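A.B. asks: Attaching a single structure in C-alpha cells format; questions to follow.
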Amino acid sequence: MKARIKASNDLWFDLFKQTARVQEVFQHESCGQCGSPNVKFVCRFDSSENDWLEVVCQECRAKVVFGRTKKGGQIYPKIRWEQLSDKQKEQRINEKTHAEKNRGYLPSGGWFIYKPSAVSKGS
Ligand SMILES: [Zn+2]
C-alpha cells in the first residue's frame, strides 16, 4: 500500500513537472512583438536533420525559437542570450546589449524579427 502511494506521488510530481514544461512552451501563444494571437507552431528540419521548433507570428513574422536540452531532449523556449546558438547570436547581435542589462533576458520575451539583410554583407 505504501509503495502504491509513493508511486502515485511520484506520478503527480512527474505530471506537474511535465505540465510546467508544457506551459512554458505554450505561454507563447501571442506575439511578443505585436501582441497578435495569430501565431503558428512550426516544426521543421535543418540540414543536419535536427528538428527545429518555433512559433511564428502570422501578422508581423516575429518568432520565438525553441531549443532542446542535450540530456532528456526537453524543449524550452530560447528567451535568454546564452541559450542562443553561435549562429543565432550572430544574427541577433543587436539584442545583446538589452540582454546584458536584463540579467541575460532577450527583449520581447525572446520574440524577434529575423532580418537576413543585417547579416549577409557579401551579397
Ligand atoms: Zn507579431
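Where a number appears in this text, it was derived from the coordinates with a stated rule and is not lab data. Predicted, not measured: the structure shown is a model, and the values here were computed from it. Cβ coordinates were reconstructed from backbone atoms using ideal geometry, including for glycine residues, and neighbour counts include every protein chain displayed.
A.B. asks: Scan region 38-81 for residues that are exposed (fewer than 15 other Cβ atoms within 10 Å of the Cβ) and within 16 Å of the ligand (Cβ to nearest atom) and report the count.
C.D. replies: Counting residues in region 38-81 that are exposed (fewer than 15 other Cβ atoms within 10 Å of the Cβ) and within 16 Å of the ligand (Cβ to nearest atom) gives 7.
A.B. asks: Moving on. Go through (1) assigned to a strand (DSSP E or B); (2) of a type outside the set (D, E, K, R); (3) away from the ligand (no atom under 14 Å from the Cβ) one by one and return the number of the condition Ala99 breaks.
C.D. replies: Unmet for Ala99, out of (1) assigned to a strand (DSSP E or B); (2) of a type outside the set (D, E, K, R); (3) away from the ligand (no atom under 14 Å from the Cβ): (1).
A.B. asks: Just need a number here: residues in region 15-36 that are closer than 15 Å to Arg61 by Cβ and over 14 Å from the mean Cα position of the chain (by Cα).
C.D. replies: Within region 15-36, residues that are closer than 15 Å to Arg61 by Cβ and over 14 Å from the mean Cα position of the chain (by Cα) number 4.
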